[in-house]
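One structure is given here, and the rest of the page talks about it.
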Amino acid sequence: MCCVISAALKFIVTIVNLVLGLAFVALAIVGILLKTSSGFIQSIVRKIVDSAQDKLSAEEVDTIVKFIGENSTGISAICIVVGSVLAVLCFIGFFASCCGCTCLLKIYAILLCVLLVAQIIFVAVIFSDKEKYGNYVVLAMEQLLKEYNPATDKGKSAAVLWDLTMQLNGLCCGLDGAGDFSGTPYNPNAPSVCCGNTTTLAPGCTIAAATALPSPVVGCRTKILDFAVKNMEMVMYIFIAAILLQGLLLALVIGAIYVQKVSPV
């Protein structure tokens, strides 16, 4: 009976590690493509922003694609490093369980345990303060706002991203209102969304005109914070699912080691 249980546990661990190993290899390959192939990142980004095509011109879509492509180095590095390291770990588990090497299986269990503890600490530290995380996103958007100027190549990317932010899911203007644009190269002008609703989106809006409206368009701070928190929760759930999967895998590995120790196969 112990022999059957040991064989079953080894089979499950082998299959799970093989599947995960191939998945992490794919992640590393994606990172390499992000680093070396601009066409690859452009195709991904274009699919994402195509849903907003009714509010963005083809030129604006191309600007977003170019901006994200130029700033994808960090993401590609993370994909390559994480994918490579975890793929190696999974293949260690695969060979250990497939070949019945108890010593290697124990090493794999220790590495998996260390990774599991590290992920738990990471999730606890990063996702424990949603407001702090949201403020980081707001700060990044604030720095981007300082470059807002659709009339120049340098400020066009910032302008397109901010225009998209201000128009999607309801109109808003700047972080706290049209006055925010007084600190940008676009001063004394303001984006057209700051001067009214969807029926009055036209060129010629100024900061003075936008702030003089009876009911000025509200800022985007709350929208950005809500978006950041919502996406933070989604990422957190992904990490929790990964932790649970690794915990289950660790339990299977420990079970396989114990059963093999009691009744080697």
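The values are calculated or read from the model by the stated rules, or taken from the named source; none is laboratory data. Model, not experiment: these values are computed from the prediction. Note that each Cβ is placed from the backbone with ideal geometry, even for glycine, and that neighbours are counted across all protein chains shown.
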Notebook entry, point to check: Which of the following residues is touching a Leu at 6+ places or on another chain (Cβ under 8 Å), surrounded by 13 or more Cβ atoms within 10 Å (Cβ to Cβ) and in a helix (DSSP H, G or I): VAL217, VAL137, VAL123?
Noted result: VAL137
Check: Of the residues that make up the range 179-189, is at least one buried (at least 16 other Cβ atoms within 10 Å of the Cβ), free of Cβ contacts under 8 Å to residues at least 24 places away in the same chain and not in a helix (DSSP H, G or I)?
Finding: yes
Notebook entry, point to check: What number of residues within the range 208-259 satisfy the criterion of being touching a helix residue (DSSP H, G or I) at 6+ places or on another chain (Cβ under 6 Å) and among the hydroxyl-bearing types (Ser, Thr, Tyr)?
Noted result: 1
Margin query: Can you tell me which residue is surrounded by the fewest Cβ atoms within 10 Å (Cβ to Cβ) among those in the range 11-33 that are in contact (Cβ under 8 Å) with a residue 40 or more places away in the chain and β-branched (Val, Ile, Thr)?
Written below: ILE29
Check: Taking the range 113-163 on its own, how many of its residues are of a type in the set (A, V, I, L, M, F, W, C) and more than 30 Å from GLY93 (Cα to Cα)?
Finding: 13
Notebook entry, point to check: Would you pick out the residues in the range 220-231 that are buried (at least 16 other Cβ atoms within 10 Å of the Cβ) and under 12 Å from the mean Cα position of the chain (by Cα)?
Noted result: ALA228
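Scanning for something in contact with a Ser or Thr (Cβ under 6 Å, 6 or more places away or on another chain) and either among the small types (Gly, Ala, Ser) or assigned by the TED database to the domain that holds THR14 (or both), does the range 147-159 turn up at least one residue? Spell out how you get there, then give the answer.
Here is the first cut: in the range 147-159, the residues in contact with a Ser or Thr (Cβ under 6 Å, 6 or more places away or on another chain) are 148, 156-157.
Restricting the remaining residues to those that are either among the small types (Gly, Ala, Ser) or assigned by the TED database to the domain that holds THR14 (or both) gives 157.
Yes - at least one qualifying residue is present in the range 147-159.
Regarding LEU248, is this residue modelled with pLDDT of 85 or more and either within 19 Å of ALA159 (Cα to Cα) or part of a helix (DSSP H, G or I) (or both)?
yes
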Item checked: So GLY155, is it farther than 30 Å from LEU245 by Cα and either at pLDDT below 85 or of a type outside the set (A, V, I, L, M, F, W, C) (or both) -> yes
